[in-house]
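First comes the structure, then the notes that go with it.
The values are calculated or read from the model by the stated rules, or taken from the named source; none is laboratory data. On a predicted model such as this, the values are computed, not experimentally measured, just so you know. Positions of Cβ are generated from backbone atoms using ideal geometry, with glycine treated the same way; all protein chains shown enter the neighbour counts.
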Amino acid sequence: MRVELPRVRRARSSQRIRRYLACGSALRIRDYLIGSEKLVERRDLDRSAWLGANSPDTFAEHMPGKIHVIGHPLVQHKLTLMRSKETSTSTFRNLLREISMLLAYEVCRDLPTTKVRIETPIATTIAPMLDGKKIVLISILRAGNGILDGMLEILPSARVGHIGLYRDPKTLTAVEYYYKVPENMGDRDAIVVDPMLATGNSAVAAIDRLKESGPRSIKFVCLLTCPEGIRVFHGSHPDVPIYTAAVDDALNDKSYIVPGLGDAGDRLFGTK
Ligand code: URA
């Protein structure tokens, strides 16, 4: 269920947008959409990245895709621990697995269920079960495997696909080196996982490739993203919702998310 915020908060929010735009500073927007347990927050969005020359009244049109920021305290607490450079590889790995289970919970919120008849030790009853087992988790290698492990604990019968992409250090574009997904993708709902949606180039390339196999639906799950990554991603794939634990401030000149958590693959596998 989506609960509308009181008018006064919306009004204040839109006044703030206008004020920031008027003085040309960075746009700070807190847009709350409170679902049954969900806090969706968009913050620190860069004006030029998001709005170009357009007025704030057209803001909604410049947010072409859906972003779900999982503001749950457990997720945020674990994310903070993961960000800390003092966190060891094994703790980082465990936290990523745990946080991914919590993200899976949100991503699966709208999964259809079907009623089945079962026998409890006490009585016969009709109870809901997930409708079919058609989920496919697609891991963008290599860091995607960290999220994959946690998600598979919640969705043990999901099929798994892998997309291997590396970032060309000069052009920062994505180059494919591996692609394997299950058959009959047309019957499946795909959840693509990669901890960092940074430049957006790898994610766009992965979704481009995945769409060739025609899955029934696609969702994208990451741990962290930034305005640049969202803009690039939804510029190409506005139909694919993003689920993330946070939208950070920006990319730095090496295309790392700031403040971020560093290189997710290195921190996960201890390669640096
Ligand atoms: N990939 C990472 O692992 N970290 C970043 O900050 C950006 C891309």
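Restricting the first residue to region 117-131 and requiring it to be surrounded by fewer than 10 Cβ atoms within 10 Å (Cβ to Cβ), which pairs with a second residue that is among the charged types (D, E, K, R) meet a Cβ separation below 9 Å and a spacing of at least six or different chains?
These pairs meet every condition: 124/117; 126/115; 126/117.
Quick check on this structure: which one of 86, 98 is touching a helix residue (DSSP H, G or I) at 6+ places or on another chain (Cβ under 9 Å) and modelled with pLDDT of 95 or more?
Among 86, 98, only 98 is touching a helix residue (DSSP H, G or I) at 6+ places or on another chain (Cβ under 9 Å) and modelled with pLDDT of 95 or more.
Tell me, which residue of region 230-250 that is of a type in the set (A, V, I, L, M) and crowded, with 18+ Cβ neighbours inside 10 Å is nearest to residue 147 (Cα to Cα)?
245
Which one of these is away from the ligand (no atom under 15 Å from the Cβ) and in a loop (DSSP other than H, G, I, E, B): 183, 176?
Only one candidate qualifies: 183.
Near the ligand (Cβ under 10 Å from one of its atoms), of a type outside the set (S, T, N, Q) and closer than 20 Å to residue 69 by Cβ: which single residue out of 198, 250, 246, 203 fits that description?
Among 198, 250, 246, 203, only 198 is near the ligand (Cβ under 10 Å from one of its atoms), of a type outside the set (S, T, N, Q) and closer than 20 Å to residue 69 by Cβ.
Among the residues of region 160-173 satisfying the criterion of being at pLDDT 95 or above and either more than 16 Å from the ligand (Cβ to nearest atom) or surrounded by fewer than 16 Cβ atoms within 10 Å (Cβ to Cβ) (or both), which is nearest to residue 129 (Cα to Cα)?
The extreme case among them is 160.
If residue 115 meets every condition in (1) outside any helix (DSSP H, G or I); (2) modelled with pLDDT under 95 apart from one, which number is that one?
Unmet for residue 115, out of (1) outside any helix (DSSP H, G or I); (2) modelled with pLDDT under 95: (2).
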